[in-house]
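Working notes, beginning with the structure itself.
The values are calculated or read from the model by the stated rules, or taken from the named source; none is laboratory data. Please read these numbers as outputs of a predicted model, since none were measured by experiment. For neighbour counting, all protein chains shown are included, and Cβ atoms are generated from backbone atoms with ideal geometry for every residue, glycine included. Surface accessibility is based on the protein's heavy atoms, side chains included, excluding ligands, DNA and RNA. Shrake-Rupley method; radii C 1.70, N 1.55, O 1.52, S 1.80 Å.
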Amino acid sequence: IYYNTKNFNKSIQYYQEALTIRKSLKNRFIIAETSISLGRALTQTGRLDEAYGYLDEGLALAEDNQTKEIEEKAYLYFSEYYEKRKNSDKALFYYKKYALINDSLYNSEINKQSSLLQSKYQEGKIIAQNRENQALKKTQDLQENSYKKQRVISLL
């Protein structure tokens, strides 16, 4: 919230506290996420030397854990970092890496949603077929009962 309201100093304070707690938990995923968020906030305040260390740490953890969502953020934040450093070549380089992962994640999500939709469609077809089969069975049972009644009447 503090970052989004541009209270970067307060956000840095809370990111640092969170990073200390999260490092004690030894969860590399949340350490990476917090580290790059701290690096981003430091970038916004112009504390670029500190920012680089946190961004680099977060990116390394994300790459080690193959966490594409965190890598994506890290590349975007590195792009912002290099814009502040006035190094447009590196900013563009990291933005391209961000865009590549972003497209990959987007396509993966589309494929996942498409598969889910296809599964639900197939499931719907199966349910409809089962209902149709039940209706046919009821009709057959009624016809069979009717036939039995007619047979009994004929015999009588």
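In this simple spin-label model, placing a label point 7 Å from the Cα along the Cα-to-Cβ direction at both residue 147 and residue 129 gives a separation of 2.5 nm.
Mean sequence separation of contacting Cα pairs (under 8 Å, at least six apart), scaled by the length of segment 1-148, corresponds to a relative contact order of 15 percent.
Computed from backbone phi, the HN-Hα couplings of segment 17-29 come to 4, 5, 5, 4, 5, 5, 5, 5, 7, 6, 8, 5, 5 Hz, rounded to whole numbers (Karplus: 6.51 cos²θ - 1.76 cosθ + 1.60, θ = phi - 60°; Gly and Pro given as x). Rounded to the nearest whole Hz, the Karplus-based 3J(HN,Hα) values (6.51 cos²θ - 1.76 cosθ + 1.60, θ = phi - 60°) of segment 64-80 follow the sequence 4, 8, 6, 9, 4, 5, 6, 4, 4, 4, 4, 5, 5, 5, 5, 4, 4, with x at glycine and proline.
For the residues 37, 79, 115, a GNM of the chain with alpha-carbon springs under 10 Å puts the largest fluctuation on 115.
Carbon and sulfur: what percent of the chain's accessible surface (1.4 Å probe)? Kindly include the intermediate steps, with their values, before the conclusion.
Values: 5780 of 11310 Å².
Looking at the chain in its full context, I get 51 percent from C and S.
The protection proxy used here, the mean number of other Cβ atoms lying within 10 Å of each residue, ranks peptides 127-139, 65-77, 11-23 as follows, highest first: 65-77, 11-23, 127-139.
In summary, no aspartates and glutamates lie within cross-link reach of residue 125, defined as a Cα separation below 14 angstrom excluding same-chain residues under 8 places away.
Based on the mean of other beta carbon atoms within 10 Å per residue, what is the order of 143-151, 91-99, most packed first?
Values: 143-151: 10.0, 91-99: 16.8.
Ranking the peptides 143-151, 91-99 by packing returns 91-99, 143-151.
Pairs 6/86; 10/86; 23/86; 68/97; 26/97; 23/73: which are spaced more than 23 Å apart, C-alpha to C-alpha? Pairs exceeding the cut-off: 10/86; 23/86; 26/97.
Taking the Cα centre of the chain as origin and charging only Cβ (+1 Lys, Arg; -1 Asp, Glu), how large is the dipole, in debye to the nearest 20?
On the way: 25 positive and 20 negative charges, 164 e Å.
In debye, rounded to 20, the chain gives about 780.
Segment residue 139..residue 6, full-extension length gain: 40.9 nm, with 0.36 nm per residue of separation and the alpha-carbon distance subtracted. Extension gain for residue 93 to residue 17 (0.36 nm times residue separation, less C-alpha to C-alpha distance): 24.2 nm.
Which whole-number value in Å² is the accessible area per residue of segment 3-156, probe 1.4 Å?
72
Relative to the longest principal axis of the Cα atoms of the chain, the long axis of helix 88-155 makes an angle of roughly 10 degrees. 3J(HN,Hα) couplings calculated from phi for segment 43-56 with the Karplus curve 6.51 cos²θ - 1.76 cosθ + 1.60 (θ = phi - 60°) are, in sequence order, 4, 5, 8, x, 8, 5, 5, 5, 4, 4, x, 6, 4, 5 Hz; Gly and Pro show x.
Under a 5 Å amide H cut-off, with hydrogens placed 1.01 Å from N, residue 65 pairs with nothing among residues at least 5 apart or on other chains.
If the viscosity is 1.567 mPa s and the temperature 4 °C, what Stokes-Einstein diffusion coefficient in µm²/s follows for segment 44-86 when Rh is the Kirkwood radius over Cα pairs? Mind dumping the intermediate values first?
Numbers: Rh = 10.5 Å.
Taking Rh from Cα pairs, D becomes 124 µm²/s.
Where a ≥ b ≥ c are the square roots of the eigenvalues of the C-alpha gyration tensor, would you call segment 75-145 rounded, which needs a/c under 1.5, or, failing that, prolate if a/b is larger than b/c, or oblate? It is prolate, given that a/c is not under 1.5 and a/b is the larger ratio.
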